Amino acid sequence: MKRSTSEWQRADAAHYIHPFTDSSELAGNARIISRAEGVYIWDHDGKQLLDGMSGLWCVNIGYGREELVTAAAAQMRELPYYNSFFQCTTPATIAYAEALTQVAPPGFNHVFFTGSGSEANDTIVRLIRHYWVASGQPKRRIIISRTNGYHGSTMAGASLGGMAAMHAQGGLPIPDIVHIRQPHYFAEGNGMGEEAFGTLCAQALAEKIHELGSENIAAFIGEPVQGAGGVVVPPSNYWREVQAICAQHDIPIIADEVICGFGRLGHWFGSEHFDIQAKLMPIAKGMTSGYLPMGGVLVHDDIANVLQEKGGEFVHGFTYGGHPVCAAVGLANLQIMHDEKIVERVHDEIAPYLQQQWATLADHAAVAAVRGCGMVAAIELGQKDGSRFASTPSAGVQCRDLSVANGLVMRAVGDTLIIAPPLVINKTQIDELIAKARTALDAFAAANL
Ligand SMILES: *Cc1c(COP(=O)(O)O)cnc(C)c1O
(Lines give C-alpha, C1' and ligand atoms only; values in the text may rest on other atoms or scores of the structure.)
Protein backbone atom coordinates (compact mmCIF):
# COMPACT_ATOMS: atom_id res chain seq x y z
CA MET A 1 0.00 0.00 0.00
CA LYS A 2 1.56 3.30 -1.09
CA ARG A 3 0.81 6.09 1.36
CA SER A 4 2.69 9.20 2.41
CA THR A 5 4.25 9.38 5.87
CA SER A 6 1.56 11.75 7.13
CA GLU A 7 -1.18 9.45 5.82
CA TRP A 8 0.39 6.54 7.72
CA GLN A 9 0.72 8.70 10.82
CA ARG A 10 -2.96 9.71 10.66
CA ALA A 11 -4.07 6.11 10.32
CA ASP A 12 -1.70 5.13 13.13
CA ALA A 13 -3.08 7.79 15.48
CA ALA A 14 -6.63 6.74 14.61
CA HIS A 15 -6.25 3.00 15.14
CA TYR A 16 -3.09 1.79 16.83
CA ILE A 17 -2.39 1.79 20.58
CA HIS A 18 1.41 1.72 20.94
CA PRO A 19 3.22 -0.08 23.77
CA PHE A 20 5.27 2.07 26.20
CA THR A 21 3.92 5.25 24.59
CA ASP A 22 1.93 8.24 25.85
CA SER A 23 -0.54 8.55 22.98
CA SER A 24 -1.26 12.20 23.81
CA GLU A 25 2.44 12.95 23.20
CA LEU A 26 2.53 10.81 20.07
CA ALA A 27 -0.30 12.79 18.45
CA GLY A 28 0.16 11.56 14.91
CA ASN A 29 3.95 11.86 14.88
CA ALA A 30 5.00 8.21 14.96
CA ARG A 31 8.33 7.43 13.35
CA ILE A 32 7.47 5.03 10.56
CA ILE A 33 10.34 2.67 9.73
CA SER A 34 9.89 1.09 6.33
CA ARG A 35 12.98 -0.93 5.48
CA ALA A 36 16.38 -2.00 6.74
CA GLU A 37 19.70 -3.50 5.67
CA GLY A 38 22.73 -4.45 7.73
CA VAL A 39 23.01 -2.00 10.64
CA TYR A 40 20.86 0.67 8.97
CA ILE A 41 17.13 1.40 8.95
CA TRP A 42 15.22 3.81 6.72
CA ASP A 43 12.16 5.79 7.70
CA HIS A 44 9.22 6.25 5.37
CA ASP A 45 10.67 9.48 3.97
CA GLY A 46 13.83 7.61 2.96
CA LYS A 47 16.01 9.02 5.75
CA GLN A 48 18.81 6.60 6.71
CA LEU A 49 19.56 5.91 10.37
CA LEU A 50 22.30 3.87 12.01
CA ASP A 51 20.39 1.57 14.35
CA GLY A 52 22.33 1.95 17.58
CA MET A 53 19.73 -0.14 19.45
CA SER A 54 19.44 -3.24 17.19
CA GLY A 55 15.71 -2.62 17.05
CA LEU A 56 14.97 -3.41 20.70
CA TRP A 57 18.30 -5.08 21.58
CA CYS A 58 17.49 -7.98 19.30
CA VAL A 59 18.68 -7.68 15.69
CA ASN A 60 22.09 -9.06 16.59
CA ILE A 61 23.10 -10.37 13.16
CA GLY A 62 21.78 -7.27 11.38
CA TYR A 63 18.91 -6.75 8.99
CA GLY A 64 18.34 -8.32 5.60
CA ARG A 65 19.87 -11.77 6.18
CA GLU A 66 18.55 -13.88 3.34
CA GLU A 67 19.46 -17.15 5.18
CA LEU A 68 16.74 -16.47 7.75
CA VAL A 69 14.19 -15.61 5.09
CA THR A 70 14.96 -18.85 3.25
CA ALA A 71 14.77 -20.91 6.44
CA ALA A 72 11.39 -19.41 7.35
CA ALA A 73 9.93 -19.92 3.87
CA ALA A 74 11.16 -23.52 3.63
CA GLN A 75 9.76 -24.39 7.06
CA MET A 76 6.45 -22.68 6.28
CA ARG A 77 6.09 -24.77 3.14
CA GLU A 78 6.90 -28.02 4.89
CA LEU A 79 5.14 -27.50 8.23
CA PRO A 80 3.99 -23.99 9.14
CA TYR A 81 2.75 -24.96 12.58
CA TYR A 82 2.48 -27.77 14.99
CA ASN A 83 2.46 -27.66 18.77
CA SER A 84 4.53 -29.24 21.50
CA PHE A 85 1.65 -30.00 23.88
CA PHE A 86 0.56 -33.52 24.89
CA GLN A 87 3.69 -35.42 23.83
CA CYS A 88 4.03 -33.91 20.34
CA THR A 89 6.60 -31.64 18.70
CA THR A 90 8.39 -31.02 15.36
CA PRO A 91 11.88 -31.80 14.01
CA ALA A 92 12.76 -28.10 13.75
CA THR A 93 11.84 -27.56 17.40
CA ILE A 94 13.97 -30.50 18.56
CA ALA A 95 16.91 -29.48 16.38
CA TYR A 96 16.84 -25.95 17.79
CA ALA A 97 16.60 -27.19 21.38
CA GLU A 98 19.62 -29.40 20.75
CA ALA A 99 21.61 -26.61 19.10
CA LEU A 100 20.85 -24.17 21.93
CA THR A 101 22.04 -26.53 24.63
CA GLN A 102 25.28 -26.95 22.67
CA VAL A 103 26.11 -23.25 23.05
CA ALA A 104 24.76 -22.97 26.62
CA PRO A 105 27.13 -23.26 29.61
CA PRO A 106 27.85 -26.76 30.99
CA GLY A 107 24.89 -28.37 32.76
CA PHE A 108 22.26 -26.63 30.63
CA ASN A 109 20.90 -29.51 28.60
CA HIS A 110 17.22 -28.61 28.43
CA VAL A 111 15.14 -25.74 27.14
CA PHE A 112 11.46 -24.81 27.50
CA PHE A 113 10.19 -22.65 24.61
CA THR A 114 7.93 -19.61 24.88
CA GLY A 115 6.88 -16.84 22.53
CA SER A 116 8.73 -13.99 24.26
CA GLY A 117 11.00 -12.97 27.12
CA SER A 118 8.03 -12.01 29.28
CA GLU A 119 6.54 -15.46 28.83
CA ALA A 120 9.93 -16.92 29.69
CA ASN A 121 9.84 -15.05 32.99
CA ASP A 122 6.25 -16.10 33.67
CA THR A 123 7.50 -19.62 33.08
CA ILE A 124 10.35 -19.34 35.58
CA VAL A 125 7.99 -18.21 38.35
CA ARG A 126 5.85 -21.29 37.87
CA LEU A 127 8.73 -23.62 37.11
CA ILE A 128 10.89 -22.74 40.12
CA ARG A 129 7.96 -23.00 42.55
CA HIS A 130 6.95 -26.29 40.99
CA TYR A 131 10.56 -27.44 41.39
CA TRP A 132 10.60 -26.66 45.12
CA VAL A 133 7.30 -28.46 45.65
CA ALA A 134 8.73 -31.49 43.82
CA SER A 135 11.85 -31.21 46.01
CA GLY A 136 9.80 -31.38 49.19
CA GLN A 137 10.33 -27.72 50.15
CA PRO A 138 6.98 -26.17 49.20
CA LYS A 139 7.48 -23.13 51.43
CA ARG A 140 10.14 -21.82 49.08
CA ARG A 141 7.96 -19.45 47.05
CA ILE A 142 9.46 -15.97 47.28
CA ILE A 143 11.54 -14.66 44.40
CA ILE A 144 13.95 -11.84 45.16
CA SER A 145 14.55 -9.37 42.35
CA ARG A 146 15.92 -5.85 42.06
CA THR A 147 14.64 -2.31 41.81
CA ASN A 148 14.92 -0.97 38.26
CA GLY A 149 15.41 -4.45 36.83
CA TYR A 150 13.43 -5.32 33.70
CA HIS A 151 11.95 -8.77 33.19
CA GLY A 152 9.10 -8.12 30.78
CA SER A 153 5.60 -6.77 30.70
CA THR A 154 3.26 -9.65 31.56
CA MET A 155 1.90 -9.80 35.12
CA ALA A 156 4.76 -11.95 36.39
CA GLY A 157 7.38 -10.26 34.18
CA ALA A 158 6.43 -6.77 35.34
CA SER A 159 6.24 -8.00 38.95
CA LEU A 160 9.73 -9.47 38.77
CA GLY A 161 10.87 -6.22 37.19
CA GLY A 162 11.48 -3.35 39.54
CA MET A 163 9.96 -0.52 37.50
CA ALA A 164 7.83 1.65 39.80
CA ALA A 165 5.76 3.07 36.93
CA MET A 166 4.88 -0.43 35.75
CA HIS A 167 3.92 -1.58 39.24
CA ALA A 168 1.66 1.46 39.63
CA GLN A 169 -0.51 0.37 36.68
CA GLY A 170 -2.38 -2.82 37.47
CA GLY A 171 -1.67 -3.40 41.15
CA LEU A 172 1.72 -5.11 40.91
CA PRO A 173 3.81 -6.86 42.02
CA ILE A 174 1.92 -10.11 42.44
CA PRO A 175 2.46 -11.80 45.86
CA ASP A 176 5.79 -13.31 46.91
CA ILE A 177 8.01 -11.22 44.70
CA VAL A 178 10.23 -8.76 46.59
CA HIS A 179 12.89 -6.31 45.49
CA ILE A 180 16.28 -5.24 46.80
CA ARG A 181 18.44 -2.32 45.68
CA GLN A 182 20.15 -2.35 42.29
CA PRO A 183 23.94 -2.14 41.85
CA HIS A 184 23.76 1.23 40.05
CA TYR A 185 27.00 2.93 41.02
CA PHE A 186 26.50 6.24 39.19
CA ALA A 187 22.99 6.75 40.57
CA GLU A 188 23.46 5.44 44.09
CA GLY A 189 27.19 5.13 44.78
CA ASN A 190 27.33 8.39 46.78
CA GLY A 191 31.04 8.79 46.30
CA MET A 192 32.05 5.52 47.98
CA GLY A 193 34.48 3.16 46.24
CA GLU A 194 32.95 1.05 43.50
CA GLU A 195 33.81 -2.30 45.12
CA ALA A 196 32.53 -1.14 48.49
CA PHE A 197 29.30 -0.22 46.76
CA GLY A 198 29.19 -3.66 45.10
CA THR A 199 29.53 -5.27 48.53
CA LEU A 200 26.81 -3.02 49.96
CA CYS A 201 24.39 -4.10 47.20
CA ALA A 202 25.24 -7.78 47.59
CA GLN A 203 24.76 -7.43 51.35
CA ALA A 204 21.25 -6.12 50.68
CA LEU A 205 20.51 -9.61 49.37
CA ALA A 206 21.96 -11.26 52.48
CA GLU A 207 19.84 -8.97 54.67
CA LYS A 208 16.67 -9.72 52.71
CA ILE A 209 17.31 -13.46 52.97
CA HIS A 210 17.83 -13.06 56.72
CA GLU A 211 14.62 -11.03 57.03
CA LEU A 212 12.44 -13.48 55.06
CA GLY A 213 14.12 -16.74 56.04
CA SER A 214 15.99 -18.74 53.43
CA GLU A 215 13.50 -21.60 53.86
CA ASN A 216 10.90 -19.32 52.17
CA ILE A 217 12.98 -18.21 49.20
CA ALA A 218 12.68 -19.84 45.80
CA ALA A 219 15.24 -17.90 43.79
CA PHE A 220 17.12 -14.69 43.11
CA ILE A 221 16.70 -13.16 39.65
CA GLY A 222 18.82 -10.53 37.92
CA GLU A 223 20.02 -9.39 34.53
CA PRO A 224 23.82 -9.84 34.34
CA VAL A 225 23.85 -6.23 33.07
CA GLN A 226 20.55 -4.37 33.48
CA GLY A 227 19.40 -3.29 30.03
CA ALA A 228 16.17 -1.30 30.05
CA GLY A 229 17.09 0.19 33.43
CA GLY A 230 19.85 2.12 31.66
CA VAL A 231 22.71 -0.28 30.90
CA VAL A 232 23.66 -0.70 34.56
CA VAL A 233 26.99 -2.53 34.68
CA PRO A 234 27.46 -3.85 38.23
CA PRO A 235 30.72 -3.38 40.17
CA SER A 236 33.14 -6.18 39.29
CA ASN A 237 32.77 -7.91 42.69
CA TYR A 238 28.95 -7.78 42.80
CA TRP A 239 28.03 -11.05 41.11
CA ARG A 240 30.82 -12.96 42.86
CA GLU A 241 29.46 -11.89 46.24
CA VAL A 242 25.81 -12.49 45.24
CA GLN A 243 26.84 -15.92 44.08
CA ALA A 244 28.47 -16.77 47.42
CA ILE A 245 25.41 -15.57 49.35
CA CYS A 246 23.03 -17.61 47.20
CA ALA A 247 25.24 -20.71 47.46
CA GLN A 248 25.33 -20.41 51.25
CA HIS A 249 21.51 -20.56 51.40
CA ASP A 250 20.93 -22.98 48.51
CA ILE A 251 19.09 -20.28 46.56
CA PRO A 252 19.14 -20.77 42.77
CA ILE A 253 20.19 -17.83 40.64
CA ILE A 254 18.06 -16.98 37.63
CA ALA A 255 20.15 -15.04 35.14
CA ASP A 256 17.80 -13.15 32.83
CA GLU A 257 19.78 -13.48 29.61
CA VAL A 258 17.14 -11.94 27.34
CA ILE A 259 19.52 -9.11 26.40
CA CYS A 260 22.90 -10.41 27.57
CA GLY A 261 22.59 -13.79 25.87
CA PHE A 262 23.66 -14.63 22.32
CA GLY A 263 26.93 -12.74 22.26
CA ARG A 264 25.85 -9.34 23.53
CA LEU A 265 28.58 -9.24 26.20
CA GLY A 266 31.18 -11.05 24.10
CA HIS A 267 30.26 -14.53 25.39
CA TRP A 268 27.40 -16.77 24.41
CA PHE A 269 25.77 -15.82 27.69
CA GLY A 270 26.26 -12.84 29.99
CA SER A 271 26.56 -15.26 32.91
CA GLU A 272 29.87 -16.40 31.49
CA HIS A 273 31.23 -12.86 31.50
CA PHE A 274 30.51 -12.54 35.25
CA ASP A 275 31.03 -16.22 36.06
CA ILE A 276 27.46 -16.56 37.35
CA GLN A 277 26.48 -20.18 38.05
CA ALA A 278 22.79 -19.84 37.17
CA LYS A 279 20.19 -22.62 37.35
CA LEU A 280 17.66 -21.03 35.00
CA MET A 281 18.27 -18.64 32.12
CA PRO A 282 15.35 -16.86 30.42
CA ILE A 283 16.30 -16.08 26.81
CA ALA A 284 14.57 -14.33 23.91
CA LYS A 285 15.82 -11.30 22.02
CA GLY A 286 18.89 -12.73 20.30
CA MET A 287 17.32 -16.12 19.56
CA THR A 288 16.07 -15.22 16.11
CA SER A 289 17.77 -11.81 15.95
CA GLY A 290 14.23 -10.45 16.17
CA TYR A 291 13.18 -11.87 12.79
CA LEU A 292 10.39 -13.80 14.51
CA PRO A 293 9.10 -13.71 18.08
CA MET A 294 10.56 -16.40 20.30
CA GLY A 295 11.64 -16.94 23.89
CA GLY A 296 12.60 -19.75 26.19
CA VAL A 297 14.12 -20.86 29.46
CA LEU A 298 17.37 -22.80 29.60
CA VAL A 299 17.09 -25.23 32.51
CA HIS A 300 20.10 -26.62 34.38
CA ASP A 301 20.32 -30.37 34.98
CA ASP A 302 19.97 -29.84 38.75
CA ILE A 303 16.44 -28.62 38.15
CA ALA A 304 15.52 -30.54 35.00
CA ASN A 305 16.41 -33.88 36.61
CA VAL A 306 14.23 -33.28 39.67
CA LEU A 307 11.31 -32.18 37.53
CA GLN A 308 11.69 -35.20 35.30
CA GLU A 309 11.82 -37.66 38.19
CA LYS A 310 9.35 -36.14 40.62
CA GLY A 311 7.56 -33.22 38.95
CA GLY A 312 4.76 -35.05 37.17
CA GLU A 313 2.99 -32.99 34.52
CA PHE A 314 4.12 -29.36 34.24
CA VAL A 315 0.70 -27.83 33.59
CA HIS A 316 2.05 -24.83 31.69
CA GLY A 317 2.62 -23.98 28.05
CA PHE A 318 1.97 -21.60 25.18
CA THR A 319 0.28 -22.40 21.88
CA TYR A 320 3.25 -21.00 19.99
CA GLY A 321 5.97 -22.36 22.28
CA GLY A 322 8.55 -24.10 20.11
CA HIS A 323 6.92 -22.82 16.92
CA PRO A 324 8.65 -24.67 14.07
CA VAL A 325 9.11 -21.58 11.88
CA CYS A 326 10.66 -19.62 14.76
CA ALA A 327 12.83 -22.62 15.56
CA ALA A 328 14.00 -22.91 11.95
CA VAL A 329 14.89 -19.22 11.92
CA GLY A 330 16.60 -19.61 15.30
CA LEU A 331 18.69 -22.43 13.88
CA ALA A 332 19.66 -20.37 10.85
CA ASN A 333 20.57 -17.50 13.19
CA LEU A 334 22.80 -19.79 15.26
CA GLN A 335 24.40 -21.13 12.09
CA ILE A 336 25.35 -17.60 11.03
CA MET A 337 26.75 -16.91 14.50
CA HIS A 338 28.90 -20.03 14.23
CA ASP A 339 29.95 -19.52 10.59
CA GLU A 340 30.90 -15.89 11.06
CA LYS A 341 32.37 -16.45 14.53
CA ILE A 342 30.27 -13.54 15.75
CA VAL A 343 30.77 -14.14 19.48
CA GLU A 344 34.54 -14.46 19.06
CA ARG A 345 34.70 -11.39 16.84
CA VAL A 346 32.70 -9.35 19.36
CA HIS A 347 34.87 -10.56 22.24
CA ASP A 348 38.27 -10.12 20.60
CA GLU A 349 37.79 -7.12 18.38
CA ILE A 350 34.51 -5.28 18.08
CA ALA A 351 33.43 -4.84 21.71
CA PRO A 352 36.87 -3.63 22.84
CA TYR A 353 36.89 -1.15 19.95
CA LEU A 354 33.35 0.05 20.70
CA GLN A 355 34.14 0.55 24.40
CA GLN A 356 37.43 2.28 23.67
CA GLN A 357 35.78 4.72 21.25
CA TRP A 358 32.72 5.23 23.49
CA ALA A 359 35.06 6.18 26.33
CA THR A 360 36.36 9.11 24.26
CA LEU A 361 32.96 10.79 24.78
CA ALA A 362 33.72 11.13 28.50
CA ASP A 363 35.52 14.44 27.98
CA HIS A 364 32.46 16.12 26.46
CA ALA A 365 31.04 19.04 28.45
CA ALA A 366 27.56 17.48 28.51
CA VAL A 367 28.79 14.11 29.81
CA ALA A 368 29.09 13.25 33.51
CA ALA A 369 30.16 9.63 33.01
CA VAL A 370 30.31 6.82 30.47
CA ARG A 371 30.20 3.07 30.96
CA GLY A 372 29.70 -0.10 28.99
CA CYS A 373 30.26 -3.80 28.69
CA GLY A 374 30.51 -5.82 25.50
CA MET A 375 28.07 -4.37 22.99
CA VAL A 376 26.03 -2.21 25.37
CA ALA A 377 27.03 1.22 26.60
CA ALA A 378 25.64 4.28 28.35
CA ILE A 379 26.31 7.99 28.74
CA GLU A 380 25.18 9.81 31.87
CA LEU A 381 24.29 13.34 30.80
CA GLY A 382 25.21 15.95 33.38
CA GLN A 383 27.90 18.10 34.94
CA LYS A 384 31.27 16.56 35.73
CA ASP A 385 30.26 16.38 39.42
CA GLY A 386 27.38 14.11 38.42
CA SER A 387 24.58 16.66 38.88
CA ARG A 388 21.92 16.71 36.17
CA PHE A 389 20.99 19.51 33.76
CA ALA A 390 17.77 21.38 34.54
CA SER A 391 16.79 21.63 30.87
CA THR A 392 13.26 21.20 29.47
CA PRO A 393 12.60 18.95 27.67
CA SER A 394 15.01 16.78 29.63
CA ALA A 395 18.60 16.39 28.48
CA GLY A 396 17.90 12.75 27.65
CA VAL A 397 14.95 13.54 25.40
CA GLN A 398 16.78 16.44 23.71
CA CYS A 399 19.92 14.41 23.01
CA ARG A 400 17.94 11.42 21.81
CA ASP A 401 15.94 13.57 19.40
CA LEU A 402 19.05 15.38 18.19
CA SER A 403 20.74 12.03 17.64
CA VAL A 404 17.85 10.63 15.63
CA ALA A 405 17.64 13.85 13.59
CA ASN A 406 21.35 13.40 12.91
CA GLY A 407 20.98 9.80 11.73
CA LEU A 408 21.69 7.68 14.82
CA VAL A 409 19.15 5.79 16.93
CA MET A 410 20.07 6.05 20.60
CA ARG A 411 17.61 5.50 23.44
CA ALA A 412 17.08 7.76 26.45
CA VAL A 413 16.40 6.28 29.90
CA GLY A 414 15.85 9.47 31.87
CA ASP A 415 19.09 11.41 31.34
CA THR A 416 21.00 8.28 30.42
CA LEU A 417 21.67 7.68 26.71
CA ILE A 418 22.12 4.05 25.81
CA ILE A 419 23.21 1.99 22.81
CA ALA A 420 23.22 -1.71 21.92
CA PRO A 421 24.23 -1.88 18.25
CA PRO A 422 24.01 -5.02 16.10
CA LEU A 423 26.87 -7.41 16.84
CA VAL A 424 27.85 -7.35 13.17
CA ILE A 425 28.66 -3.63 13.20
CA ASN A 426 32.16 -2.95 11.82
CA LYS A 427 34.79 -0.46 12.95
CA THR A 428 33.97 2.13 10.30
CA GLN A 429 30.34 2.01 11.38
CA ILE A 430 31.38 2.32 15.04
CA ASP A 431 33.34 5.46 14.07
CA GLU A 432 30.18 6.76 12.43
CA LEU A 433 28.16 5.96 15.57
CA ILE A 434 30.62 7.80 17.83
CA ALA A 435 30.83 10.81 15.51
CA LYS A 436 27.05 11.08 15.34
CA ALA A 437 26.71 10.73 19.11
CA ARG A 438 29.26 13.52 19.57
CA THR A 439 27.44 15.75 17.09
CA ALA A 440 24.22 15.28 19.06
CA LEU A 441 26.02 16.12 22.32
CA ASP A 442 27.56 19.21 20.69
CA ALA A 443 24.15 20.40 19.50
CA PHE A 444 22.69 19.84 22.99
CA ALA A 445 25.57 21.71 24.60
CA ALA A 446 25.31 24.61 22.13
CA ALA A 447 21.62 25.05 22.93
CA ASN A 448 21.76 24.48 26.70
CA LEU A 449 25.21 25.03 28.23
C1 LIG B 1 13.02 -7.41 26.79
C2 LIG B 1 13.28 -8.14 28.04
C3 LIG B 1 12.35 -9.05 28.55
C4 LIG B 1 10.99 -9.23 27.95
O5 LIG B 1 11.04 -9.78 26.69
P6 LIG B 1 9.77 -9.61 25.70
O7 LIG B 1 10.13 -10.46 24.54
O8 LIG B 1 9.65 -8.15 25.41
O9 LIG B 1 8.58 -10.12 26.42
C10 LIG B 1 12.70 -9.77 29.67
N11 LIG B 1 13.89 -9.61 30.26
C12 LIG B 1 14.80 -8.73 29.80
C13 LIG B 1 16.13 -8.63 30.48
C14 LIG B 1 14.53 -7.95 28.69
O15 LIG B 1 15.40 -7.05 28.26
Solvent-accessible area per residue for the chain at a 1.4 Å probe radius, Å²? 43
Using only Cα atoms, locate the centre of region 318-365 and the centre of region 1-52, then give the distance between them in Å, rounded to an integer. 25
Can you give me the % of accessible surface on the chain that is carbon or sulfur? Probe 1.4 Å, all protein chains present, nothing else counted. 54
Exposed chymotrypsin sites (Phe, Trp or Tyr not before Pro) absent - longest run of the chain, DSSP non-H/G/I/E/B, at most 12 other C-beta within 10 Å: 87-449
Mind giving me the nanometre distance, one decimal, between the label points for S387 and I33, set 7 Å out from Cα along Cα→Cβ? 3.8
Per-bin percent of Cα-Cα distances, region 4-119 [5 Å]: 2, 8, 12, 13, 17, 15, 13, 10, 7, 3, 0
Once phi is turned into ³J(HN,Hα) by the Karplus curve 6.51 cos²θ - 1.76 cosθ + 1.60 with θ = phi - 60°, what whole-Hz value does each residue of region 350-359 show in order, with x for glycine and proline? 7, 5, x, 5, 4, 5, 5, 6, 4, 4
GluC sites (Glu not before Pro) within region 257-329: which are DSSP loop residues with at most 12 other Cβ atoms inside 10 Å? E313
Would you mind calculating the gained length between D431 and A365 on full extension (0.36 nm times residue separation, minus the Cα-Cα distance), in nm to one decimal? 21.8 nm
At 0.36 nm per residue, and after removing the present C-alpha to C-alpha distance, how many nm does the segment from D442 to E98 gain when stretched out fully? 118.9 nm
Proximal lysines to K436, defined as alpha-carbon separation beneath 22 angstrom and excluding residues fewer than eight positions away on the same chain: K47, K384, K427
What FRET efficiency comes out for H338 versus H210 if R0 is 45 angstrom and r is the Cβ-Cβ distance? Round to the nearest 0.05. 0.50
Report D for region 75-220 in µm² per second (integer): Stokes-Einstein, Kirkwood Rh on Cα pairs, 4 °C, 1.567 mPa s. 72
Between Y81 and H167, how high is the FRET efficiency from 1/(1 + (r/R0)^6) when r is the Cβ-Cβ distance and R₀ = 22 Å? Nearest 0.05. 0.05
Straight-line reach from K208: which aspartates and glutamates fall under 15 Å, measuring Cα to Cα and dropping same-chain residues less than 8 apart? D176, E241, D250
Measuring from centroid to centroid over Cα atoms, what is the spacing of region 166-208 and region 377-449 in Å? 26
Using the beta-carbon distance between D275 and E195 and R0 = 22 Å, what value does 1/(1 + (r/R0)^6) give for FRET efficiency, to the nearest 0.05? 0.85
Selected from A196, A120, A351 as most flexible by GNM, with the chain as the system and alpha-carbon contacts under 10 Å: A196
Students often get this wrong: which residues of region 412-437 have the backbone nitrogen under 18 Å from the point 7 angstrom along Cα-to-C-beta of D43? 412, 436-437
Once you sort the root eigenvalues of the Cα gyration tensor of the chain as a ≥ b ≥ c, which label holds: rounded (a/c under 1.5), prolate (a/b larger than b/c) or oblate (the other case)? oblate
Run the helix sum for the chain: -39,500 (n - 2.57) per DSSP H stretch of 4+ residues, divided by residue count, reported at 222 nm to the nearest 500 deg cm²/dmol. -12000 deg cm²/dmol
Loop-resident trypsin sites (Lys or Arg not before Pro) in region 1-72 with no more than 16 other Cβ atoms inside 10 Å, DSSP not H/G/I/E/B, are K2, R3, R31, K47
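The values are calculated or read from the model by the stated rules, or taken from the named source; none is laboratory data. For clarity, every value in this text was computed on a predicted model and none was experimentally measured. Positions of Cβ are backbone-derived with ideal geometry, glycine not excepted, and every protein chain shown enters the neighbour counts. Please note that ligands, DNA and RNA were not included when accessible areas were found on the heavy atoms of the full protein model with its side chains. Shrake-Rupley method; radii C 1.70, N 1.55, O 1.52, S 1.80 Å.
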